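Report on the following structure.
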Amino acid sequence: MRKKDTQAIGDVVKELLKKQRLNRGLLENRAVHYWSKVLGDSVAKATRRIFIKNGVLFVELTSSVLRNELMMWKDKIIINLNIALGENIVKDIVFR
């Protein structure tokens with residue numbers, strides 16, 4: 001039987017991560033992981049390296065044509081990544 005003041009373990013972990021300020025690092029790691037989910041396999045295959053630092057996502061691509069195309073959609077990509085993360089983590093994207 002459940003008591004009235006109990007919480008789900010997932011909620012407790014999320015609260016603990018926020019209090020310890022570990023949540024941002026985990027969300028930044030997820031942003032790198034979600035790159036292929038948000039943009040698809042074809043873009044993921046053309047991505048050499050991806051990392052995030054201080055809210056800026058750095059993406060190294062193998063194709064200059066794809067880089068130019070993604071630069072035109074940069075604002076939409078940022079919005080879609082942040083929606084997937086559930087928080088405003090990605091502030092900017094630098095394509096190389």
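Taking segment 51-78 as the search range and keeping residues that are part of a helix (DSSP H, G or I) and closer than 14 Å to Asp92 by Cα, which one is nearest to the chain's Cα centre (by Cα)? Only one residue fits best here, namely Ile78. Flag not set for Met1, criterion: hydrophobic (A, V, I, L, M, F, W, C), out of contact with any Lys or Arg (no Cβ under 9 Å at 6 or more places or on another chain) and modelled with pLDDT of 95 or more.
Only one of the numbered conditions (1) part of a strand (DSSP E or B); (2) modelled with pLDDT of 95 or more is not met by Arg48, and that is (2). For segment 26-43, a tally of residues being over 10 Å from the mean Cα position of the chain (by Cα) and either in a loop (DSSP other than H, G, I, E, B) or farther than 13 Å from Ile77 by Cβ (or both) returns 3.
Taken over segment 27-62, the criterion of being surrounded by 13 or more Cβ atoms within 10 Å (Cβ to Cβ), of a type in the set (S, T, N, Q) and under 17 Å from Arg96 (Cβ atoms) is satisfied by Thr47 alone.
Out of curiosity, is Gly10 at pLDDT below 95 and more than 17 Å from the chain's Cα centre (by Cα)?
Judged against the criteria, Gly10 is a match.
The number of residues in segment 48-60 that are in contact with a strand residue (DSSP E or B) (Cβ under 6 Å, 6 or more places away or on another chain) and either at positive phi or not acidic (Asp, Glu) (or both) comes to 8.
The values are calculated or read from the model by the stated rules, or taken from the named source; none is laboratory data. Remember, predicted model here, so these are calculated numbers, not experimental data. With ideal geometry, Cβ positions are generated from the backbone for all residues, glycine too; neighbour counts draw on all protein chains shown.
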